[in-house]
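What follows is a set of notes on a single structure, which appears directly below.
The values are calculated or read from the model by the stated rules, or taken from the named source; none is laboratory data. All figures in this text were calculated on a predicted structure; none of them were measured in a lab. Here the Cβ positions follow ideal geometry from the backbone for every residue, glycine too, while neighbour counts run over all protein chains shown. The accessibility values were calculated without ligands, DNA or RNA, using every heavy atom of the protein model including side chains. Shrake-Rupley method; radii C 1.70, N 1.55, O 1.52, S 1.80 Å.
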Amino acid sequence: KFFFDYNRSDLAIEFLTKVPKGAPDYPEALYVMGIARLDPTVNDTAGALYNFQNAIIAAESEPGGNQEILQLGYLALARTWYEVGLYDVALFYYQKIPNTSSRNAEATFETSWTYFLKNDYKRALGIFHTLHSPYYSQWYYPDLYILEATVYVNLCNFGDAKIALAFEARKSEYV
């Protein structure tokens, strides 16, 4: 992890591959190795996906399951598939984040972007509605209302687009 923290992903991968299977840090080593493989200097997306999947498998096999690595692995898989444009696969992994997780709000917001890019505006609007609920009020997503307004403009619903932008202006006054 030292080499990873100091932007030496190549050396990080070299040392992380030496963590033995079954070691307490094995799932985390696989996860960090996956992140290191996404570094532009390494540019190994396929290897990163492989490491994330194996990190999840290793985390599931730990006694009681390693929830931290499981959730980080699912988010990493979702984000990686999102980046390569396979939105349905990304959505599958975003849905693996439990509703009770502290990462659920982040996954929900990223899901709205995924639906937006898939041109599935109805589902994107449904998630915007969810993100406007009191449950998610403690999280601030500055582009939420702009994204919502863009969906309304794409649907030629200009009145609702103006309302969404008005909420954005009002919300940003309080932040």
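Across the protein chains, with a 1.4 Å probe defining accessible surface, the residues ARG123, ARG103, ARG79 rank ARG123, ARG79, ARG103 from largest area downward. Taking a sphere under 14 Å around the Cβ of GLY65 and counting the other residues whose Cβ falls inside, with K and R at +1 and D and E at -1, yields a net charge of -3.
Expressed in nm to one decimal, what extension gain is obtained for the pair PHE92 and LYS21 from 0.36 nm per residue of sequence separation less their Cα-Cα distance?
22.8 nm
Looking at the chain, the accessible area is 57 square angstrom per residue; that uses a 1.4 Å probe and ignores ligands, DNA and RNA.
Under 27 Å of direct C-alpha separation, and excluding same-chain neighbours fewer than eight residues apart, LYS122 reaches these lysines: LYS96, LYS162, LYS171. Apolar share of the accessible surface for the range 1-84: 55 percent from carbon plus sulfur atoms, 1.4 Å probe. Among the listed options [x] 13.6; [y] 10.7; [z] 11.6, the one matching mean projected area of the Cα convex hull in nm² as calculated from these coordinates is [z]. Neighbours of ARG79, meaning other residues whose beta-carbon lies under 14 angstrom from its beta-carbon, give a summed charge of 0 when Lys and Arg score +1 and Asp and Glu score -1.
Using a 10 angstrom cutoff on alpha carbons, build the Gaussian network for the chain and name the most mobile of PRO63, PRO27, PRO142. Answer for the Gaussian network model of the chain: PRO63.
The stretch between ASN154 and TYR140 holds 2.7 nm of extra length on full extension. This uses 0.36 nm per residue minus the Cα-Cα distance. Short-range pairs are left out: with C-alpha atoms under 8 Å and at least six residues apart, the relative contact order of the range 1-115 is 16 percent.
Largest GNM mean-square fluctuation across PHE15, PHE116, PHE128, computed for the chain with C-alpha springs under 10 Å, falls on PHE15. When the Gaussian network model of the chain links Cα atoms closer than 10 Å, the mean-square fluctuations of GLU14, GLU106, GLU148 top out at GLU14. For TYR94, the shell of other residues with beta-carbons less than 15 Å away shows a net charge of 0, using +1 for Lys and Arg and -1 for Asp and Glu.
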